[in-house]
Amino acid sequence: MKPYEIPENLLLGTATAATQIEGGDVNSNWYHWGEAGRIAGDGSPIVAADHWNRYDEDIRIMAEHHHQIYRMSIEWSRIEPREGEWSADGIAHYRDEFETLIRSGIEPLVTLHHFSHPQWLEEKGGWTSRESVDLFLRFTEKVVEAYGDIISEYCTINEPNVFAHDTYIQNKYPGGKTDDTMSYFRAARNMIRAHLGAYKLIHTHRANAGHTDTKVGYAIHMAWFEAHRKNPLSRISRAIMDYAFHGMFNKSMMTGKLPLILGGGRVKNLHSRGYFSDYIGINYYSRHIIKWSWNPAVLFGSVNVEENLTGEQQNDLGWELYPPGLYKVSRKLFYQYKLPVFITENGIPDAEDRKRGKYIIEHLAELKKLIDNGIDVQRYYHWSLLDNMEWDDGYGPRFGLIGINYENQERIIRRSAELYAAICRNREVSQDMIEEFCKAAVSPS
Ligand code: BGC
């Protein structure tokens, strides 16, 4: 690894999601999922990192750490706690948070659905409900009415592929089912249609108000899939899984044309040509090895990690650390759609903070290589700013640059946070940084 500069057009910051850090909300489906004992360690999002009350402090840390951008989500149940009832307090709260960010020189990218929605929608069947698309669009309209004057960048839906998979195949998220492929495709179809509608709605609303800087997209979880031992059957599984988990979502959400498996049809765009996304939003974490399975309910494939990995090659959840995958998925989608690439998430659970520094240096190096090769990568949002509730895995995994002491909510500045701050400030990865973080295992901070 050689020292390198951060290209001028690549903006750096972090990402979070409301349910994972805010605390205090009893109207979301995840609160109820926690109450039902479905979050590891009897976890609940009820306190989390108490960001709802501490966003001033957290934004101050971001600014002191020279972050330029921040991806955050709005908790739908804070805005619409009961169906059709809008909370003035919830709306005012996020406005204040956005204004604080903007005043601090940090540009927000706002996600409208990040794995959570109101319990009242869950009770109607969540994203499998026929009403879900219209209800999401009504919520979107409210958001753009409330914040459209100051927020220009939106991410409609986070990882519809992981959401549908973990809810309807793996039974890990609220409304969970096991191997229910029908619900997987039904929820996928509704989320895709919701994205297409929201893209048009946000653009129309802001254009009518005279804004010309609107950017709307979605974030897809892109793992790098490889067939197990290049075995011919596993290659077939890899192709099916790659389509059902990545391609089907990207093609439909970009073009507005739904495949037959999602019922077919075409949603008309605002422009006679062009996509329903202004950027390619990629959440990248790892490589997966796909093995053939005879089970149609899991789409003839099982997802595995590479065999015989050493401790240094894995994160705390056992996922492979594989920086070249970030290059590969970004390059592939860029050549497919020729839109700017936003890395909307990339990060590591690493409680001892021994690998995070190296992880950041190696993944940013892949982005530098992409940019040097003519690929228009514009944003890097590190996941995550803070330790958070890792959904059904609860509070064990530690993804934060900033650690949280859950006893007293103290913010702990990890060594990797200082490294990232120095990269953001100096716009380079120096020889000293490589020596300190990449050569040997870093001692716990
Ligand atoms: C999600 C995050 C999650 C992260 C780490 C992504 O799938 O968008 O909410 O915490 O990965 O698992």
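Net charge dipole, the chain: roughly 2240 debye, given to the nearest 20, about the Cα centre with Cβ charges of +1 for Lys and Arg and -1 for Asp and Glu. Count Lys and Arg as plus one, Asp and Glu as minus one, and take only other residues whose Cβ is under 12 Å from that of TYR381; the net charge is then -1. Each of LEU317, MET182, GLY263 was placed along the dipole of the chain (beta-carbon charges, centred on the mean Cα), and the one lying farthest toward the positive end is GLY263. Measuring nothing but protein heavy atoms, the accessible surface of segment 70-216 at 1.4 Å probe radius is 44 percent carbon and sulfur.
Give me the extension gain from GLN336 to LYS177: residue separation times 0.36 nm, minus the current Cα-Cα distance, reported in nm with one decimal.
Values: separation 159, 0.36 × 159 = 57.24 nm, distance 3.33 nm.
Using 0.36 nm per residue and subtracting the Cα-Cα distance, I get 53.9 nm.
Here are some pairs, LYS2/LYS369; LYS332/LYS369; LYS172/LYS251; LYS2/LYS439; LYS200/LYS268; LYS2/LYS368; which of them have Cα atoms lying more than 18 Å apart in this structure? Walk me through the intermediate numbers first.
Details: LYS2/LYS369 12 Å; LYS332/LYS369 14 Å; LYS172/LYS251 26 Å; LYS2/LYS439 12 Å; LYS200/LYS268 9 Å; LYS2/LYS368 12 Å.
From the list (LYS2/LYS369; LYS332/LYS369; LYS172/LYS251; LYS2/LYS439; LYS200/LYS268; LYS2/LYS368), the Cα-Cα distance tops 18 Å for LYS172/LYS251.
Of the residues LEU339, GLY13, HIS203, the one whose Cα sits farthest toward the positive end of the charge dipole of the chain, with +1 on the Cβ of Lys and Arg and -1 on the Cβ of Asp and Glu, is LEU339.
For segment 155-171, the Karplus equation 6.51 cos²θ - 1.76 cosθ + 1.60, evaluated at θ = phi - 60°, returns couplings of 10, 5, 9, 8, 6, x, 5, 5, 4, 5, 5, 6, 7, 9, 9, 9, 6 Hz by residue, with Gly and Pro reported as x. Taking a straight line from the alpha carbon of LYS124, these lysines sit under 16 Å away, with near neighbours fewer than eight places off in the same chain left out: LYS177. The distance linking segment 283-303 with segment 317-356 is 18 Å (Cα centroid to Cα centroid, whole angstrom). Restricting the calculation to Cα atoms, segment 4-437 shows an Rg/Rh of 0.93 when the hydrodynamic-style radius is the Kirkwood one.
Taking amide hydrogens as placed 1.01 Å from N in the peptide plane, the amide H of ASP376 sits under 5 Å from those of VAL341, each at least 5 positions away in sequence or on another chain. Take each peptide in 303-314, 41-52, count the other Cβ atoms within 10 Å of every residue, and average; sorted highest first, the result is 41-52, 303-314. For segment 16-155, the orientation-averaged shadow of the C-alpha convex hull comes to 8.4 nm² (one quarter of the hull surface).
Using the Cβ-Cβ distance between ALA207 and GLU436 with R0 set to 51 Å, the FRET efficiency from 1/(1 + (r/R0)^6) comes to roughly 0.60.
The residues of segment 4-437 have, on average, 38 Å² of accessible surface per residue, using a 1.4 Å probe with all protein chains present.
The values are calculated or read from the model by the stated rules, or taken from the named source; none is laboratory data. Values in this document were obtained by computation on a predicted structure and should not be read as measured data. Neighbour counts are summed over all protein chains in view; Cβ atoms, including those assigned to glycine, are modelled from backbone coordinates with ideal geometry. Protein only, heavy atoms only, side chains kept; ligands, DNA and RNA dropped before computing areas. Shrake-Rupley method; radii C 1.70, N 1.55, O 1.52, S 1.80 Å.
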